[in-house]
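Structure first, then comments.
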Amino acid sequence: QVQLVESGGGLVQAGGSLRLSCAASGTAYSVGTMAWYRQAPGKERELVAAITRGGRTHYADFVKGRFTIGRDNGRNTMYLQMNSVEPEDTAVYSCAAGRLYYGGYYPDDYWGQGTQVTVSS
């Protein structure tokens, strides 16, 4: 069973930066696509960014040019570099991953517990 653990959330001022990390463990096998989702109070969960094992990336329109997703396949880790954050980015950010051969942009086989990101104005 794969476990995903996020880190790096917290409070940041608008215009600032924050880096989230996600580590996958608990299995000898690697995972496929990894992604970040977020859910703000009263809103549905939405995809923020995804990255395949081969490094192809996909971003939601609302973060293009501000956030960067990356991963290290050897270490089964992923990060989300968040720059120029806005109060609207306030949400619980969750890491998700697909099984080894999943190559789409919406993985949902494994989930982390989530980490809170709060952007103050």
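The values are calculated or read from the model by the stated rules, or taken from the named source; none is laboratory data. All values derive from a computational prediction rather than experimental measurement. Because the Cβ atoms are built from the backbone with ideal geometry, glycine has one as well, and the counts that use them run over all protein chains shown. Remember, those area values only see protein heavy atoms, side chains included, never the ligands or the DNA or RNA. Shrake-Rupley method; radii C 1.70, N 1.55, O 1.52, S 1.80 Å.
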Once label points are set 7 Å from the Cα along Cα→Cβ at both Y101 and H58, what is their separation, rounded to one decimal in nm? 1.9 nm
Could you list the chymotrypsin sites (Phe, Trp or Tyr not before Pro) in the stretch 1-99 that lie in coil according to DSSP, counting only those with at most 15 other Cβ atoms within 10 Å of their Cβ? Y29
What percent does the relative contact order of the chain come to when contacts are Cα pairs within less than 8 Å and at least six residues apart? 37 percent
Accessible area (Å², per residue) of the chain, counting only protein heavy atoms and a probe of 1.4 Å: 52 Å²
Which whole-angstrom value gives the distance between the alpha carbon centres of the stretch 60-103 and the stretch 6-46? 6 Å
Kirkwood hydrodynamic radius over Cα pairs of the chain, then Stokes diffusion coefficient at 37 °C and 0.692 mPa s, in µm²/s: 233 µm²/s
For the chain, which span is the longest to avoid every loop-located (per DSSP) member of trypsin sites (Lys or Arg not before Pro) having at most 11 other Cβ atoms inside 10 Å? 76-121
In nm, to one decimal, how far is the modelled label at A14 from the one at S121, with both set 7 Å along Cα→Cβ? 0.5 nm
In whole percent, and with a 1.4 Å probe on the protein chains, what portion of the accessible area of the chain is carbon and sulfur? 46 percent
